[in-house]
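Enquirer: Would you mind keeping the following structure in view while I ask a few things?
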Amino acid sequence: MNKFAKTVLAVALMGGSMTAVAQKDPDVGGAPMYPSKTIVENAVNSPIHKTLVAAVKAAGLVDTLNGAGPFTVFAPTDDAFAKLPAGTVDTLVKPENKATLTKILTYHVVPGKISSKELAKMIKKGNGMASLKTVEGGTLTAKMSGSIIMLTDEKGGTSTITTADVFQKNGVIHVVDTVLMPN
């Protein structure tokens, strides 16, 4: 008997339905996310990632993040970008600042598909912290605060994963509440 058949049988024996065991990505900002879509395809539909999507487009990273990956993306919300000093986002999306914008955005991307469960295991194995090498080349440090995963950037800033494990066709998104900054 295959795994699916065993699951159906177990659910039936418990008097439940298959909807009880169906895995579904969490909604982001009230919008459904689909594991059959790419990171960019889902991000475009998120009402709380308009700034991130505009920045990804301005940096020319759409094709990359639509690629095979897999990628783990720590995706700052619009509110996270709003925490930056006034005018920062408007300045970063200007063509002459494309290199700086690309550096900041790729600092939010780690190669591979790392779930929150795997990240928690990495933190435990690392005696309370895990170092993550970003696509930009820098390092993010992950730590636990109770059951919450916190990220620390190279400048000492911290960000909290507010929605974890939004699985995509080419990776996973973890929504974060603060923009992370590389050195």
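The values are calculated or read from the model by the stated rules, or taken from the named source; none is laboratory data. Note that the structure is a prediction, hence the values are computed from the model and not measured. Please note: Cβ atoms are built from the backbone with ideal geometry, for glycine as well, and neighbour counts cover all protein chains shown. With ligands, DNA and RNA removed, areas are computed over all heavy atoms of the protein, side chains included. Shrake-Rupley method; radii C 1.70, N 1.55, O 1.52, S 1.80 Å.
Enquirer: Please compute the modelled spin-label separation between Thr91 and Lys143, points set 7 Å along Cα→Cβ, answer in nm with one decimal.
Expert: Each label point lies 7 Å from its Cα, and together they span 2.9 nm.
Enquirer: Tell me, Kirkwood radius of the range 144-183 from alpha-carbon pair distances, in Å?
Expert: Kirkwood radius, the range 144-183: 11.0 Å.
Enquirer: For Lys117 and Ser36 in the same chain, what is the full-extension length gain: residue separation times 0.36 nm, less their Cα-Cα distance, in nm?
Expert: Extra length from Lys117 to Ser36 when fully extended: 27.1 nm.
Enquirer: With a 1.4 Å probe and all protein chains left in place, how much accessible area per residue does the chain have, in Å²?
Expert: Per-residue accessible area for the chain comes out at 53 Å².
Enquirer: Next question, about the same structure. Can you tell me the convex hull volume per residue for the range 72-183, based on C-alpha atoms, in Å³ to the nearest whole number?
Expert: Hull volume over Cα atoms, normalised by residue count, gives 103 Å³.
Enquirer: Just to be sure I follow the definition: excluding the sites themselves, where is the longest run in the chain that has none of the trypsin sites (Lys or Arg not before Pro) in a DSSP loop with at most 14 other Cβ atoms within 10 Å? Provide the component values of the computation, followed by the final result.
Expert: Details: sites that count: Lys24, Lys83, Lys155.
No qualifying site falls inside 84-154, the longest such stretch.
Enquirer: Probe radius 1.4 Å, ligands and nucleic acids ignored: give me the carbon and sulfur share of the accessible area of the range 34-176 as a rounded percent.
Expert: Percent of accessible area from carbon and sulfur atoms in the range 34-176: 57.
Enquirer: Can you give me the long-range amide H partners of Gln168? Hydrogens built in the peptide plane at 1.01 Å from N, cutoff under 5 Å, separation of 5 or more residues or another chain.
Expert: Ile173
Enquirer: I've got another one for you. Got a number for the accessible area of Thr152? Probe 1.4 Å, square angstrom, nearest 10.
Expert: 30
Enquirer: Averaging sequence separations of C-alpha pairs under 8 Å and six or more residues apart, then dividing by the length of the range 28-183, give the relative contact order as a whole percent.
Expert: Relative contact order for the range 28-183 comes out at 28 percent.
Enquirer: Taking the chain as a Gaussian network, where each spring joins two C-alpha atoms under 10 Å apart, which residue of Leu105, Leu119, Leu84 fluctuates the most?
Expert: Among Leu105, Leu119, Leu84, the largest GNM mean-square fluctuation belongs to Leu84.
Enquirer: Multiplying the sequence separation of Lys98 and Asn66 by 0.36 nm and subtracting their Cα-Cα distance, what value in nm do you get?
Expert: 9.6 nm
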